[in-house]
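Inspection log for the structure reproduced underneath, given as structure tokens.
Just so you know, all these numbers are worked out from the coordinates, no wet-lab data involved. Treat the numbers as computed from the prediction; the structure is a model and nothing was measured. Every residue, glycine among them, receives a Cβ derived from its backbone with ideal geometry; neighbour counts consider all protein chains shown.
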Amino acid sequence: MNIMSGQCVFGQKKHLFFLPLSEKKKKNGPKSLRDLRAERQAQAERSVLVSCHPKTHENKFLKYLSRHGNVNKCFFYESFGTYAVVEFSNQDGVQSLLESAAMPSVSHESVVPLRSRLLSLRNVNTVDTDKQSAPSANHRELCPSTTHSLTDENTRLRFLVCSLLNDIAAAYFPQSSIKPFGSSVNGFGKLGCDLDMILDLDGTICVRPQPRSGMYMEYLVKRTSSERAVTQSVLSVIAGCLDQFGPGCVGVQKILNARCPLVRFAHQPSGFQCDLTASNRVAMRSTELLYLFGELDARVRPLVFTVRCWARAHGVTSPIPGAWITNFSLTIMVLFFLQRRNPPILPTLDRLKELAEPSEKCVLDGNDCTFTSDFHRISLETNTETLDQLLGDFFEFYSTFIFNRMSINLGRYGKEHKPELHPLYIQNPFETSLNISKNVNSSQLERFVTLCQESAWLLQSGSHLNTLLLPSHISVVRGRKKRKSQPASERIKGLLESLRIKNNVSFGFTVFF
Ligand code: GTP
Ligand code: MG
């Protein structure tokens with residue numbers, strides 16, 4: 001595939017699929033995650049989140065908002081109630097709206113007098129009582145289905161939640177920034193995935209060179225035994241603040257003794273399950289790497305999605321923590337497989353490191369996290385394998401993978417011997433002495449391998465993809481027992497359909513819906 005030409009042909013005798021990239025991509029190549037983040041963050045900072053009556057009259061609402069400033073975008077969604085995300089064209093609109101807002105007057109309770117960009121619309125005249133007027137197409141766009149990839153609106157909301165939470169953290173650390181990472185931004189997220197966030201205090205820590213002579217100033221600060229202790233105390237305070245004063249933040253748990261300390265809570269107005277960490281710079285870098293891999297070839301994301309969906313349908317992954325393979329591990333497994341195609345569909349991490357400019361050198365917490373993010377520097381030989389071929393070969397690849405001797409690492413070819421005894425060894429891309437799948441026990445790995453064998457077998461015998469995703473179907477077909485096959489679940493159909501539409505690519509088998 002030639003990334004820059006903006007075309008990708010998935011060739012099979014019967015199916016030739018053409019993937020036009022967007023006009024922007026054609027001209028300039030894909031957008032870097034850094035640029036994408038900056039754009040989303042700026043949108044979020046000039047946005048407010050408004051709790052509304054379900055029958056809010058949109059036009060009246062927009063007219064009211066436009067008295068405060070020009071509205072760039074406004075959409076409604078349902079979570080625990082109806083909400084509107086309103087993006088003004090500049091900060092003045094937000095300020096004007098906030099200045100016009102009042103504190104609620106309550107008679108039997110007291111309120112925490114915290115003013116934030118989370119508002120509640122309280123004018124009966126904006127309620128549409130006309131039964132004829134159905135909600136417009138703009139209304140309730142964020143459908144709660146959990147099998148579709150993230151929409152533009154859902155991504156906007158994720159950045160807005162980070163921005164709202166940052167307003168609270170900034171009361172302590174004005175230079176802080178709360179940023180999303182993980183599947184909310186790496187391109188592998190689906191609706192309903194958790195919102196992983198990092199409280200980035202790097203803006204606060206400014207190390208200036210000390211002058212050789214004369215006076216200079218330093219901040220007088222408290223000192224603790226380690227960076228971990230600082231992270232724990234910062235997160236502990238922020239957790240307390242979110243719990244007691246954070247509008248919409250419920251079920252706040254401090255999980256400070258984990259390898260990576262975090263605060264977990266639910267943000268009710270958005271419906272997101274949130275994990276807030278601090279000083280987790282390496283995870284931010286992993287997010288950038290996964291984003292880059294996803295952008296390099298149009299087949300990467302549909303394949304990862306399908307494998308993740310297959311894994312969920314068969315209980316290989318689980319929302320409950322345990323001895324299961326995680327989505328993150330599974331994603332690395334797919335990327336590793338794609339690096340080993342002939343010709344490779346993805347470059348190794350070492351290759352991306354070689355291609356990096358001196359300015360891209362990046363060492364975080366003692367780990368070399370250097371790689372190029374410049375799409376123009378990465379050239380790949382043409383590989384025209386189809387998605388259906390790749391899916392079948394993925395199952396085949398892991399059916400025969402020598403897990404007891406080999407490790408999975410994105411670094412380089414031929415350096416795959418396992419350094420320790422855990423059943424599954426997936427090297428952390430940047431903290432290379434760590435195994436990201438050491439939680440996986442041998443029975444879970446065996447189950448994964450058996451399912452891969454059965455799925456490879458099913459595909460070879462001409463079964464359709466939706467058959468493969470039926471939880472009960474694999475063992476039934478394999479055992480040649482006669483049982484009434486169940487219809488493909490709506491969730492899985494939805495996922496495949498959304499992938500097909502979104503990526504304008506197709507699996508040979510999706511035509512059988
Ligand atoms: P889903 O939330 O399942 O959609 O995927 P996710 O990629 O967001 O995974 P998760 O929420 O579990 O973790 C968020 C991010 O933390 C991942 O994208 C990784 O960058 C990082 N991460 C997750 N698990 C590990 C791990 O075991 N080791 C390390 N070093 N980083 C991890
Ligand atoms: Mg996540």
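Given R₀ = 22 Å, FRET efficiency for ASN441-ARG405 by Cβ-Cβ distance, to 0.05? The calculated FRET efficiency here is 0.75.
Ordering of 72-84, 211-223 by packing is 72-84, 211-223, highest average first (other Cβ atoms within 10 Å, averaged per residue).
Averaged over residues, the count of other Cβ atoms within 10 Å places the peptides 100-112, 340-352 in the sequence 340-352, 100-112, highest first.
Considering only THR400, PHE375, ALA356, and ranking their Cα positions along the charge dipole of region 348-402 that arises from unit charges at the beta-carbon of Lys, Arg, Asp and Glu, the one farthest toward the positive end is ALA356.
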